[in-house]
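All remarks here apply to the structure that follows.
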Amino acid sequence: MLLAFYLMQSRPDPAQVQKLAMAILALMPIFILLGLAIVIVPFWFICKKAGFSPWLALLNIIPFGGLILMYVLAFSEWKVVPAPQPDWSPRPPAPPRF
């Protein structure tokens, strides 16, 4: 909010504006890497659990690659082995009590 008020002044100091721009440009790669990590890590695990190569998660780096990956995951057959169901056979009746 202070940035907006600072830039709304009648005549901002060009040196201060340049320092502010340099600070934003220095932090931008960190924010981009953090955003990519937030997207790539879940897709890595989804691809691994679906039976695909986890390296497909790196498609999120290219533009519209994440959209392509979502369509691949949504409409392809997953190579997942279903979990074995427990055998719930009925218990034999209890012997009569005397």
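Kindly list, by first and then second residue, each pair from a residue in the range 71-98 that is surrounded by 10 or more Cβ atoms within 10 Å (Cβ to Cβ) and assigned to a helix (DSSP H, G or I) to a residue that is among the aromatic types (F, W, Y) and modelled with pLDDT of 80 or more, limited to pairs with Cβ atoms under 9 Å and residues at least 6 apart or on different chains. Hits for this filter: V72/F52; L73/F43; L73/F52. Check the range 59-71 and report whether any residue there is of a type in the set (S, T, N, Q) and under 30 Å from P29 (Cα atoms). Yes - at least one qualifying residue is present in the range 59-71. For the range 7-22, the condition of being under 30 Å from S76 (Cβ atoms) and either part of a helix (DSSP H, G or I) or under 14 Å from the mean Cα position of the chain (by Cα) (or both) holds for none of the residues. Is it true that some residue in the range 30-50 is within 24 Å of L2 (Cα to Cα), under 29 Å from the mean Cα position of the chain (by Cα) and exposed (fewer than 10 other Cβ atoms within 10 Å of the Cβ)? Yes, the range 30-50 contains a residue that is within 24 Å of L2 (Cα to Cα), under 29 Å from the mean Cα position of the chain (by Cα) and exposed (fewer than 10 other Cβ atoms within 10 Å of the Cβ).
The values are calculated or read from the model by the stated rules, or taken from the named source; none is laboratory data. Note that the structure is predicted; figures quoted are calculated from it, not measured. Reconstructed Cβ throughout: ideal geometry from the backbone, glycine too, with neighbour counts over all protein chains shown.
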